[in-house]
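Quick notes on the structure that follows.
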Amino acid sequence: MAFLKKIRPSLLRSNNRSWRTALLALVLLAPGGLAASTVTDVLNNAQLRGDATFRFLGLPLYDAKLYTPQGAPFSWNQDFGLLLTYRKNLKQKALVESTLEEMDRQGNGAPVQSQLEQCFQAVSKGDTYLAVSQGPDKVGFWRNGTKTCTLSYPGIKRAFMSIFLGDDTRSASFTRQLKGQ
């Protein structure tokens, strides 16, 4: 703050409306803030249960947050939300193919590729995807707070969410942290 007083004292004046307006716009338009409000809009009593950073070869790919009703322990029997905030740019093809590969690797049935292509778009650093289960056979997806699709497929909740929360994920420590254990 002392630095700002020396170079731009007008920025610190309390009557500077443009500064306050810009700050408010930044807070309201931040992708993470939009996604966080979306999870509370679509999942009753959603509270953060756990969070973790997924790394590949030591490089962080995304930050994940698990929301459960009232922050309760994770259970496949309850609906929950999973928020991913990307730290790297990824193409749509990479998102779709890696999702299908992980679902197949875990022995879970998967929707067809064209369904995932409707849901997943390329992401840039800071973009978010929110997945919220709606019973065992539906998962809704939001990108940066805007709904992209709902996958309806027998067992899609467990098939898709097991990539992050199942017993055979790529990183057991990531999954434990995400579940708040």
Report summary line: Taking the range 134-161 and keeping residues part of a loop (DSSP other than H, G, I, E, B) and either open to solvent by less than 20 Å² (accessible area, probe 1.4 Å) or under 20 Å from PRO69 (Cα atoms) (or both) leaves GLN134, GLY135, PRO136, ASP137, GLY145
Query raised in the report: So how many residues does the range 28-55 have that are within 19 Å of GLY126 (Cα to Cα), at pLDDT below 90 and open to solvent by 100 Å² or more (accessible area, probe 1.4 Å)?
Result: 2
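The values are calculated or read from the model by the stated rules, or taken from the named source; none is laboratory data. What you see is a predicted model, and the numbers here were worked out from it, not measured in a lab. Ligands, DNA and RNA are stripped out before the accessible areas are found, and what is left, the full protein with its side chains, is counted by its heavy atoms. Shrake-Rupley method; radii C 1.70, N 1.55, O 1.52, S 1.80 Å.
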